[in-house]
Amino acid sequence: MISGELRSLAFRRERERNWRELEGILTRIERAGLAALSERELARLPVLHRAAMSALSVARSVSLDRNLLEYLESLTMRSYVRLYGNRRRLGSTVREFFSMRFPAVVREARWAVFLSIALMLVGVCVGFAATVGDLERYYSFVSADMAQGRDPTASYDELRDVLFDEFGAEGALTTFATFLFTHNTQVGILCFALGFAVGVPVIYLLLMNGMLLGAMSALYHVRGLSPEFWSWILPHGVTELLAICLCGAAGLFQGYAVVFPGRATRISNLAIAGRKAGVIVIGCVALFMIAALVEGFLRQLVHSLPIRYGLAGASLLFWIVYFHRVGRPTHDRA
């Protein structure tokens, strides 16, 4: 017993100076961050960590006293976290997501994005063609809750008032923006969630959303309000419809992984595709929020058609440049 205590005491005396130095460095990092260290201390940190790990290994192999083992375990755990732990700030994580990861994953799934946009456009054309010749078909695509008075029974003046005056009050603007954000986010997440079912429900949702928009545009076209209608839709619709199409692409991306798993199993391939699709959906939440703000505030406060169309064109150009250029390595841009 006495020889064991002497052995532990000798072991500690030989190495305690390095342990105390490491402990002091770790304490300063925990209080003020790495900026509090000098260049010499930064260089010493990994050296002291490896020395403490080596001492812990020796202490375990020769069965030194328990207090010393617990001290070394705690010290090496702290130094390991400071050396290898991911201690990134929220701002840098968000910045990296939108400047690198989100656009890169969208480009990787670009075939699904183009297919999703094509399905939406097909739905718009079908809804418009089916409704423009017979307005009674409008009710087949647009429910009463969604129409909110915008139906074939409404007059020219009533339809125009909906486009320009319905949400003029400040409180209503806030309520409507919140409604759009929550509703469209739910639709987008539903497209993503149904992707595992071979993507078939996603195709249906995209077509139905397109037909709804096509039927509504046909109603305004018959009433002679097409320019006003699209000036009402496009400023926020470019971003909103793009977000829905991206969520649809996330669902199609997962469906493709199930149908064509390659050499991997379907479950493992779906898990990989699901993680990438999840990145797209998280990014789309920000797009839905932007669209809701434009719809609820800026667009309703601007009644000039040229300015509305200018805003729509600017947002379209921005998203094209963003997804085509942002996050690419320098040699890819060249």
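Data for the structure
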| item | result |
| --- | --- |
| Cα gyration tensor category, rounded, prolate or oblate, for segment 2-84 with a/c compared to 1.5 | prolate |
| Gain on full stretching of the segment that runs from residue 27 to residue 66 - 0.36 nm per residue minus C-alpha separation | 11.7 nm |
| Helix runs (DSSP H) in the chain reaching 27 Å along axis by Cα, Kyte-Doolittle at least 0.0 | 39-61, 110-132, 170-193, 200-222, 226-259, 266-293, 305-325 |
| Theoretical gain in end-to-end length, residue 325 to residue 272 [0.36 nm per residue, Cα-Cα removed] | 16.6 nm |
| Stretch gain in nm, segment residue 221-residue 100, where the contour uses 0.36 nm per residue and the Cα spacing is subtracted | 39.4 nm |
| Protection-proxy order for peptides 244-255, 264-275, each taking the mean of Cβ atoms within 10 Å per residue, highest first | 244-255, 264-275 |
| As computed over the chain, the Cα convex hull volume per residue (Å³) | 224 Å³ |
| Mean Cβ count within 10 Å, highest first, over the residues of peptides 104-115, 40-51, 231-242 | 231-242, 104-115, 40-51 |
| Unpaired by the 4.7 Å Cβ criterion, cysteines found in the chain | 125, 245, 284 |
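The numbers here are math on the coordinates, done by the rules we state, and not lab data. The structure displayed is predicted, hence computed values, not measured ones. Methodologically, a virtual Cβ is constructed for each residue, glycine included, from the backbone with ideal geometry; neighbour enumeration extends over all protein chains shown.
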